[in-house]
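In what follows, a single structure is set out as structure tokens and then discussed.
Every number here is computed from the coordinates shown, using simple stated rules; none is lab data. Here the structure is a predicted model, which is why all the values come from computation and not from measurement. Here the Cβ positions follow ideal geometry from the backbone for every residue, glycine too, while neighbour counts run over all protein chains shown.
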Amino acid sequence: MSKQETARKGNLYGILGMALAILATFLSGQVENFKLLIPLMLGGALIGAILAKRVEMTSMPELVAILHSFVGAAAVLVGLSSFLDPGHAKMVGAEKLIHEIEILLGVFIGGVTFTGSVIAFGKLRGSLSGKPRLLPGRHM
């Protein structure tokens with residue numbers, strides 16, 4: 001995506017991919033609460049559109065970092081939701097083990113993604129220094 005033309009195509013493919021994912025989710029029959037889902041999606045789209053219009057191109061890495069932190073937070077919340085799902089308690093044997101490993105990995109990777117992205121945002125913005133923080137008693 002080093003050229004404008006390929007970057008635009010990449011963005012278009014990303015938009016089409018997300019539109020297909022949303023459509024597949026709606027048509028899957030697993031969505032039980034459209035009254036909650038649609039306002040949340042519209043709210044997220046509105047926040048994203050406002051941020052995209054306001055942010056200068058030189059601040060784009062900061063925007064990408066903070067938006068990426070939301071991806072990590074979403075992964076943690078999906079893992080938590082999956083763990084708290086009543087169907088989880090009914091699982092037994094290998095199915096339960098695989099499901100719990102999947103939850104553990106999702107929450108761990110999501111947590112690392114969230115934390116790393118928030119730190120990257122802070123460093124890019126200049127509100128966090130790049131200097132390491134040294135813990136007291138580290139040489140004991």
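With label points built 7 Å along Cα→Cβ from the Cα atoms of Val78 and Leu51, find their separation and express it in nm. Inter-label distance under the simple model: 1.8 nm. Spin-label model, Leu16 to Ile101: label points 7 Å out along the Cα-to-beta-carbon direction sit 3.6 nm apart.
Once Cα extents along the principal axes in Å is calculated for the structure shown, the corresponding label among [x] 56, 48, 29; [y] 54, 28, 24; [z] 55, 33, 24 turns out to be [x]. By the helix-only formula, in which each DSSP H run with n ≥ 4 contributes -39500 (n - 2.57) and the sum is divided by residues, the chain has a 222 nm mean residue ellipticity of -27000 deg cm²/dmol. Quick one: Cα centre-to-centre distance for the stretch 1-67 and the stretch 93-119, in angstrom? The two parts, judged by their Cα centres, are 23 Å apart.
Working ranking of peptides 26-36, 112-122, 56-66 by packing, defined as the average number of other Cβ atoms within 10 Å per residue, highest first, is 112-122, 56-66, 26-36. Under 23 Å between C-alpha atoms is the cut-off here; go through the chain and count lysine pairs that meet it, provided they're at least eight residues apart or on different chains. Taking the chain as the scope, the lysine pair count is 4. Taking every alpha-carbon pair under 8 Å whose residues sit at least 6 apart, the chain reaches a relative contact order of 26 percent.
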